[in-house]
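Worksheet for the structure shown next.
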Amino acid sequence: METIQPLTKIIKIILIMVIIALLTAIGSEVKIMPFDNAPFRFGLGSIIFFFALLIRPVPMLTTGIITAITVITWRTAFNMLQNGQATFLSFIEYIPAGLFYIVFAICLRFIPFEKVKKHPFLLGLCGMSFEIIANTSEHIAQAILYAPQLNTSNSLLLFGLVGLLRSFFVVGLYSAITLSEQKKQLQQLMTIQSELFVEALYIKKSMDQVEQLTANSYQLYKKLKKIDLDLGKEALLISQEIHEVKKDHERIYAGLAKITNTKFNDTFLLTDLLTFIVEANENYAQLLQKEIHFKTICPNDFKTKQHIALLAILNNLMANAIEAIDLKGVITLEVNVHSDITEFIVEDSGMGIDKHLLPVIFDVGYTSKFNSSGKASTGIGLSHTKTIIENLHGSITVTSGQLTRFTVWIPTKLLREEEN
């Protein structure tokens with residue numbers, strides 16, 4: 001088993017290198033030939049080669065050599081089929097083209113590639129420089145082999161311009177893809193963290209109750225031992241077991257608190273948080289096979305450090321809104337920022353809430369959700385949402401008619417991160 005895994009990995013790497021080489025060879029046929037008296041070309045091949053090395057960790061020099069051989073073979077075969085030119089002459093003609101990829105790969109190998117990848121501007125400058133070096137090497141090789149009339153020095157400006165355009169195009173494309181992936185990962189991590197934040201809050205509340213229960217059971221033991229020693233011992237045993245439960249809760253809470261206190265960023269823009277929330281709930285609506293149109297209204301923006309609490313609050317309200325809609329509907333997420341208070345509104349076109357239930361929907365244990373066997377859910381979602389809001393010195397209300405509207409008010413000063 002230990003032998004098979006490395007062998008499989010080696011085969012996979014070789015396959016990736018061959019694919020890169022083939023794509024580069026095919027892409028190089030999309031080309032511009034600036035010199036009439038030599039087969040020198042600017043094609044898409046180098047763009048594909050550079051981009052592939054950025055997104056796939058493969059041995060650079062080996063990939064460069066394989067790509068060089070593939071490009072030379074490809075162009076030789078293509079030229080034979082097209083023009084019927086002798087194989088040896090075609091092979092000699094395209095050796096400089098293969099040299100380009102070997103030189104480019106050697107240049108990349110001489111820099112700390114993984115570190116440079118994190119700095120787009122520096123990466124673009126390196127790519128441009130290596131393009132100039134590789135193109136110059138190809139041009140010199142052509143002059144030596146079959147075109148001595150070529151003047152390399154006069155072509156350096158052209159090499160620099162083409163290198164600039166091609167390299168920064170590749171770096172721009174790579175950066176856009178990388179940023180998109182990072183944003184997706186950040187959104188997933190923040191969603192998980194907000195869910196853990198709610199669970200930690202629930203455990204903290206439970207710990208307080210267990211603490212009180214431990215004290216009450218110990219007081220019961222002290223009273224019972226005066227009446228009946230055996231009953232007193234049983235009460236003491238119960239008190240000790242409750243104390244063990246309390247310690248388990250504390251250990252779990254400590255672990256969750258450590259996770260939820262992890263900072264991905266010091267501050268987040270409010271509009272970025274709303275984007276995360278809407279995108280996550282669009283996916284939830286699709287999972288439930290519901291056609292829901294989401295509207296976001298946020299005329300004002302500011303940075304906040306309360307991103308986890310806001311994610312927990314708004315995600316829960318948005319999820320409830322989705323579940324309240326049958327098949328099609330509209331959900332509006334609106335934020336109004338005032339100097340003293342910030343208002344969050346989640347409004348849906350779902351089935352609504354009966355008026356006699358409105359006073360109790362934030363109570364612990366209230367639920368309108370039942371599984372297929374008729375068993376009710378825990379009913380802690382809205383009660384926890386209210387607790388989080390109250391911890392931020394805020395409040396929440398609900399109205400229900402043709403539309404159901406949850407309105408949350410939180411002091412702006414507790415949300416806004418003051419600009420330096």
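May I ask you to order 309-316, 280-287 by the average number of other C-beta atoms within 10 Å around their residues, highest value first? It would help to have the intermediate numbers written out before the result.
Working: 309-316: 23.6, 280-287: 15.2.
Packing order, densest peptide first, comes out as 309-316, 280-287.
Counting alpha carbon pairs within less than 8 Å and at least 6 residues apart, what relative contact order, in whole percent, applies to segment 251-347? Don't jump to the answer; show the numbers that get you there.
Details: 103 pairs, mean separation 28.7, N = 97.
About 30 percent, as a whole number.
Viscosity 1.567 mPa s, temperature 4 °C: Stokes-Einstein D of segment 236-354 from its Kirkwood Cα radius, in µm² per second?
Details: Rh = 16.9 Å.
So the translational diffusion coefficient is about 77 µm²/s.
Which entries in 295/386; 303/355; 303/386; 184/247; 222/247 show an alpha-carbon gap greater than 30 Å? Can you show the working numbers first?
Working: 295/386 24 Å; 303/355 37 Å; 303/386 23 Å; 184/247 37 Å; 222/247 22 Å.
Listed pairs above 30 Å: 303/355; 184/247.
Hey, can you grab everything whose amide H is under 5 Å from the amide H of residue 350? Only 5+ residues off in sequence or another chain; H modelled, so Pro and N-termini drop out.
Those lying under 5 Å, H to H, from residue 350 are 404.
Please report the orientation-averaged projected area of segment 69-132, defined via the convex hull of its C-alpha atoms, in nm².
On the way: hull surface 20.6 nm².
Reported value for the Cα convex hull: 5.2 nm².
A short reminder: the numbers here are calculations on the coordinates, not readings from a lab. In this text the structure is predicted, and so the values were computed from the model without any measurement. FYI the Cβ positions are ideal-geometry reconstructions off the backbone, even for glycines, and counts take in every protein chain you see.
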